[in-house]
Amino acid sequence: MDIKELQRLNPDKKIYSIDDEAYKPYGRVLGDVCVKDLVEYIDKNIEIPASGSKYVPSVPELEAFDCVKKIEDLVYGQMEVEAGYCAGYNDVLGGLEFHQGSEVAVTTTDTLFIVGKKQDMSDEGDIDGSKLEYFYIKRGQVVEMYSTTLHYCPVHVDDNGFFTLVILLRGTNTALNHPSANKLFTKKNKGFICHTSNTAKIEAGSYPGLKGDLIKINLK
């Protein structure tokens, strides 16, 4: 589904191209990084789950690609990174997360990102969903999200699901050594708030900081 059709189905939301100036507060598109070989490898070797979504923090075969090493140099100043993926089907925003250090996503499908600004969160970790914005990313684009950008699971825009390679500082999203003094940190370098309707996450200990109506993207 292209951006025009997605916008038609969701008239209450302004959907921007990731190339729009509106994305500048959140990050940048890395147009000079060639990911053709990486995208082709993923197409041939990693399946998108048939339902739900799956996140894998680190895949050595993906980390070996030259383009990942280039991103490690260009974005992270040669700090060691991990490259994994998030893939599947999703049409709701059940929460928001943030990290210290940028996240870089490489899309092998067209997809939709929903993002917000950490500066709009209260000291407790609350933010209203009306503060968030919507960006359409095309297959093969490389997108940096700054550490101040709130984000979560991408949204699929067609029947084939979504797939994003996820690059983060090494160790991010792994288990904490002990409970953090900051209630928002549920894993190493992962601050997370769930929507107030997400009872499973609340019962698991996540802070219900995402307020307002549950955001759902219409795909039909």
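Identify, among Gly31, Ala181, Val155, the residue whose Cα sits farthest towards the positive end of the charge dipole of the chain, taking +1 on the Cβ of Lys and Arg and -1 on the Cβ of Asp and Glu, with the dipole about the Cα centre.
Working it through, the farthest residue towards the positive pole turns out to be Ala181.
Exactly which trypsin sites (Lys or Arg not before Pro) in the range 68-127 are in a DSSP loop and have at most 15 other Cβ atoms within 10 Å?
Passing both the DSSP loop test and the Cβ count: no residue.
For the chain, report the convex hull volume of the alpha-carbon atoms normalised per residue, in Å³, without decimals.
123
Placing unit charges on C-beta atoms (Lys and Arg positive, Asp and Glu negative, everything else neutral), compute the dipole magnitude of the range 113-192 about its Cα centre in debye, rounded to 20.
Using Cβ point charges on Lys, Arg, Asp and Glu, the range 113-192 gives about 420 debye.
Please check: in the Gaussian network model of the chain (C-alpha springs, under 10 Å), which one of Ala200, Ala175, Ala87 has the largest mean-square fluctuation.
Largest GNM mean-square fluctuation: Ala200.
Just to confirm a number: summing +1 for Lys and Arg and -1 for Asp and Glu over residues other than Lys24 whose beta-carbon lies under 14 angstrom from that of Lys24, what do you get? Walk me through the numbers on the way to the answer.
Values: positive: Arg28, Lys117; negative: Asp19, Asp20, Glu21, Glu133, Glu144.
Result for the local shell: -3.
Sequence-distant or interchain residues sharing an amide H contact under 5 Å with Gly27, placed H: which?
Residues meeting the criterion, in which the H sits 1.01 Å from N, are Tyr146.
Per-residue ellipticity at 222 nm for the chain, helices alone: DSSP H runs ≥ 4 residues times -39500 (n - 2.57), over residue total, nearest 500 deg cm²/dmol? Walk me through the intermediate numbers first.
On the way: 5 runs with 35 residues, N = 220.
The helix-only estimate for the chain comes to -4000 deg cm²/dmol at 222 nm.
Every number in this text was worked out from the coordinates using simple rules, so none of it is lab data. Small disclaimer: the values here were computed from a predicted structure and weren't measured. As a convention, Cβ positions derive from the backbone with ideal geometry for all residues, glycine included, and neighbour counts pool all protein chains shown.
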